[in-house]
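Let me begin by presenting the structure, written as structure tokens, before commenting on it.
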Amino acid sequence: MALIGRDDEDRPASRRDLADAIEALRGKTRVIIQRGRLAKMARVPRLTGVLDQFVRDVPFDERHQSWHPKAALVRMRSEKAFEWRLWVGSRNLTAPENRDLGLVLVSGQQAKGRLVPGADDIARRLAERAGLGGLSPSRLATEVSALKWRAPDGVRVDRLRISRGQSEWSLPILPEMVDALTVVSPFLDAGFLQHLLKTRCRTGEQGGENP
């Protein structure tokens, strides 16, 4: 209902609002998940069958890879303008109590910003898995690659990357001069931490001895 602007906190949502949301988003919205990771409720509401149309699963063998990105790409359109929003974060579509980190980028006809390499790759990957009729992943990626994104105040985004889950990446090459480095990840090992500690801080000393 929030995606069609029916999340007004001043009035309770109605069944009509829900029905309108389902009709408005039909064929335009997908939630992509790893196969087997959608938990079955003890009592399954009849509405579940209607909502199934919005879900697409990715049949990765979790012994080797999994679909685990936390990203959403939304295009909002009015009669006179449009706006893109790209969310990248660490939160699942659940209600955890742990801390999470998220970033939202905004692009529109009136938005000032800068090109963000990698946003097009995220768009392509999401479109490929979403399977929306009439949506060309390559055409969407081309359109997104030309967008200029506005980041939150004080934040500059140099690049975004999405993994195919096949260990195709080497560890990132870090700048030699940094004030602080923040890593948000549930998966850390000694090799990765040793790589990060090689980052030099402004003092020229090893990053392990400085914040």
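So the values come out like this:
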| read-out | value |
| --- | --- |
| Cα-Cα over 21 Å, subset of K28/K70; K70/K112; K28/K112 | K70/K112; K28/K112 |
| Distant-in-sequence amide H partners of S90 (H built 1.01 Å from N, under 5 Å) | L101 |
| W149 long-range amide H proximity, modeled H, under 5 Å | R114, L115, V116 |
| Size of charge dipole - the chain - debye, nearest 20, with Cβ of Lys, Arg +1 and Asp, Glu -1, no other charges | 640 debye |
| Shape call, the stretch 90-158: gyration tensor on alpha carbons, a/c limit 1.5 | oblate |
| Rg to Rh, two decimals, where the chain supplies the alpha carbon set and Rh follows Kirkwood | 1.00 |
| Protection proxy ranking of 42-48, 32-38 - average other beta-carbon atoms within 10 Å, highest first | 32-38, 42-48 |
| Cα-based Kirkwood hydrodynamic radius, the stretch 1-65, one decimal, Å | 14.0 Å |
| Length released on extending from V184 to M76, taking residue separation times 0.36 nm less the Cα-Cα span | 36.0 nm |
| Cα-based Rg and Dmax for the stretch 61-122, where Dmax is the largest Cα-Cα distance (Å) | 15.0, 48 |
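Read the figures in this text as sums done on the coordinates, not as results from a lab. These numbers were taken from a predicted model, which means no experiment stands behind them. Cβ coordinates were reconstructed from backbone atoms using ideal geometry, including for glycine residues, and neighbour counts include every protein chain displayed.
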